[in-house]
Amino acid sequence: MADKIRETVMAISRPAPGEAGRTGDWRSYTPVIDHEKCTGKDSCLYCWLYCPDGVISREFPLEIDLEYCKGCGVCAEECPRKAITMVE
Amino acid sequence: MATRAARDLPTEEFILPGSRSCAACGLMLTYRHALKALDPGKTLVAVPASCMTVLHGVYPITPVKVTCINTPFAATAASASGLVAGLKAIKREDYTVVAFAGDGGTYDIGIQALSGALERGTNFMYVCYDNEGYMNTGTQRSSASPAAAVTSTTPILAKAQHKKDMIRIVEAHRIPYIATASPSFPLDLFDKVKTAKDIRGSRYLEVLAPCPPGWGFPNKDLIKMGKLTVECGIHVLYEIREGRLRLTSRSLVLAEKGRKKTIADYVKGQTRFKKISKDQIDALQQWTDQRWEEFLQRHNRG
């Protein structure tokens, strides 16, 4: 029995972005950042904090990954300076 | 030391963009910040059939960078116990085992396995993300759904019973750490997961994750709805260490300044409460007030 080769067969998924395809296609409204209102100085990063999908960058000027942004509008709603608007 | 600002949180994301979760998913936000608090290289996650499986994707791709095992619905805590035992056998006890289950997998189907694991004092963390129904399969009633909520299995006469007090059941096992959190207060959530990570023994966290399609509110109001659940007192943020309850975050502020929001404000914005009557609102308000008083008394006792 000692020389019997035991091989465990497992289905293992590997991590990759875009598991559900380009989820940006789900979007009906696109968030647009007004960089004059959000300058980066003393910025709160609430949009980054509250984005469920984590598609907003942490570095200034802030950028939204529109390929995967699902367009939920949480960032526009939570921005205290109203620097993000949802455009159709 | 409590985390104060968003820029204090770790920058790295452990969930890659383009996942299968709905837009404005409360669970997704919870999971994103919980993984930041854990050490993803040294974490194993056990997930039952739930919204979480949907998030974890279809073979052979997953958007999550953490080792995860998909388990049968009833066996989340049992599988996690097995992982803990296995890690002990190969002497790799520096790993954290975390079970992530929904309210269906905790309150209803998984309660037996959970109770067993807690009774054995298994060294693991159990996170219940409570979205108050079987949202993945189409908003069926669970024992976590609030009274007077219309679900797809209680469509005509809304749910008659109040929500099950799961924390009391968990507390009866006398485990070292129990906490509740909300994705609308991510810094508080982050701190609690981090605290729980460093404690040995069974830890239980309950997160009320708002579900826009299931509860029936606009996607953009995700954070507002989560805050409202805390402000009206239907969800209370606290932690219990060695039997001592301490209110945290917004609930602590409310305990000092008093609550202003009522259940009437809470039910207004959600279509699942479309059939709620005046009597039902009063009953829910009374139930909430009674619980709040209990928490306040325990908090003041220290």
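The values are calculated or read from the model by the stated rules, or taken from the named source; none is laboratory data. Not measured: the values here are computed from a predicted model. Backbone-built Cβ (ideal geometry, glycine too); neighbour counts: all protein chains shown. These accessible areas exclude ligands, DNA and RNA; they are computed on the full protein's heavy atoms, side chains included. Shrake-Rupley method; radii C 1.70, N 1.55, O 1.52, S 1.80 Å.
How much of the accessible area of the range B:10-301, in percent, comes from carbon and sulfur atoms when a 1.4 Å probe is used?
Reported share for carbon and sulfur atoms: 55 percent.
Here, P(r) means the percent of Cα pairs in each 10 Å bin from 0 to the largest distance; for the range A:27-81 it is 25, 62, 13, 0. The magnitude of the dipole of the range B:10-301, with charges of +1 and -1 set on the Cβ of Lys/Arg and Asp/Glu and taken from the Cα centre, is near 180 debye. Taking each DSSP H run with n ≥ 4 as -39500 (n - 2.57) and averaging over every residue of chain B yields -11000 deg cm²/dmol at 222 nm. Excluding same-chain neighbours fewer than eight residues apart, the lysines reachable from A:LYS41 by a Cα-Cα span under 17 Å are A:LYS82. Legend: residues in the range A:48-65 shielded by at least 30 square angstrom of accessible surface upon adding the remaining protein chains to the isolated chain (1.4 Å probe, heavy atoms) are A:TRP48, A:LEU49, A:TYR50, A:PRO52, A:ASP53, A:GLY54, A:ARG58. Full extension of the chain between B:GLN140 and B:GLU171 yields a length gain of 8.5 nm, computed as 0.36 nm times the residue separation minus the alpha carbon distance. Take the Cα of B:THR153, step 7 Å toward its Cβ, do the same at A:GLU36, and the gap between the two points is 5.5 nm.
If you add up the charges near A:PRO52, with Lys and Arg at +1 and Asp and Glu at -1, over every other residue whose beta carbon is less than 9 angstrom from its beta carbon, what do you get? Cβ neighbours under 9 Å give a net charge of +1. Rg and Dmax, both from the Cα atoms of the range B:10-301 and both in Å, are 18.2, 59. For B:GLU206, what accessible area in Å² do you get when you roll a 1.4 Å probe over the heavy atoms of the protein chains, rounding to the nearest 10? Approximately 10 Å² of B:GLU206 is accessible to the 1.4 Å probe.
Within the set of other residues whose C-beta is less than 9 Å from the C-beta of B:SER145, count the net charge using Lys and Arg as +1 and Asp and Glu as -1.
Summing Lys/Arg as +1 and Asp/Glu as -1 gives +2.
Applying 1/(1 + (r/R0)^6) with R0 = 41 Å to the Cβ-Cβ distance of B:ARG246 and A:LYS4 gives a FRET efficiency near 0.15. A dipole drawn for the range B:80-122 from +1 and -1 charges on Cβ atoms has a positive end, and of B:GLY86, B:TYR107, B:VAL97 the residue lying farthest that way is B:GLY86. In the protein assembly as shown, with Lys and Arg counted as +1 and Asp and Glu as -1 at Cβ, which of these residues, B:ALA209, A:MET10, B:SER19, has the Cα nearest the positive end of the dipole, that is, farthest along it? My answer, from the dipole projection, is B:ALA209. The residues of the range B:53-154 have, on average, 38 Å² of accessible surface per residue, using a 1.4 Å probe with all protein chains present.
Counting pairs of alpha carbon atoms under 8 Å apart in space and at least six apart in sequence, what relative contact order in percent does chain B give?
17
The H on the amide N of B:LEU237, modeled in the peptide plane, is under 5 Å from the matching H of B:THR248, B:SER251, each at least 5 residues off or on a different chain.
Entry comment: accessible area of chain A is 64 Å² per residue, from protein heavy atoms only and a probe of 1.4 Å. For chain B, the antiparallel share of DSSP beta bridges with both residues in that region comes to about 30%.
FRET efficiency for B:GLU294 and A:TRP26, Cβ-Cβ distance as r, R0 = 56 Å, nearest 0.05? Before the final figure, lay out the partial values.
Values: r = 43 Å, r/R0 = 0.76.
Efficiency at R0 = 56 Å is approximately 0.85.
Only protein heavy atoms count here, probed at 1.4 Å, and on that basis chains A and B bury about 3000 Å² of accessible area in total. Within the protein assembly as shown, antiparallel bridges make up roughly 35 percent of the DSSP beta bridges whose residues both belong there. Taking each of B:LYS164/B:LYS227; B:LYS164/B:LYS192; B:LYS163/B:LYS224; B:LYS194/B:LYS220; A:LYS37/B:LYS220; B:LYS197/B:LYS260 in turn, the alpha-carbon distance tops 25 angstrom for B:LYS194/B:LYS220; B:LYS197/B:LYS260.
Computed over neighbours whose Cβ is under 9 Å from that of B:LYS197, the net charge equals 0, Lys and Arg +1, Asp and Glu -1.
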